[in-house]
């Protein structure tokens, strides 16, 4: 989506349901994943751009793998330099 020249917005949703794992010979039902992320990229020129992304903005608590929790809401930013 490009509302402002050189600015691109992103929206990403990931769902995973009916998740099961086997731990110590026991089947365990894991929580569903509802992961909503938003981001933006601003192209300053053909060689340089800035980006920012907010992940898990619903701040859902779930395990990616059994016993390994996902991060809550988090934000990352950076830049791209093209040669």
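None of the figures in this text is laboratory data; all of them are computed from the coordinates on show. Being a predicted model, the structure only gives us computed values, none of them experimental. As a convention, Cβ positions derive from the backbone with ideal geometry for all residues, glycine included, and neighbour counts pool all protein chains shown.
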What order, most packed first, do the peptides 44-53, 29-38, 13-22 have when packing is the mean number of other Cβ atoms within 10 Å of each residue?
29-38, 44-53, 13-22
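Working out 0.36 nm times the residue gap between residue 50 and residue 14, then minus their Cα-Cα distance, what length gain in nm do you get to one decimal? Mind dumping the intermediate values first?
Working: separation 36, 0.36 × 36 = 12.96 nm, distance 2.42 nm.
Full extension of this stretch gives 10.5 nm more.
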Normalising by the residue count of the chain, find the relative contact order in percent from Cα pairs under 8 Å and 6+ residues apart.
24 percent
Which label in [x] 76, 6, 4; [y] 25, 18, 13; [z] 36, 13, 10 gives the computed semi-axes √(5λ) of the Cα gyration tensor in Å:
[z]
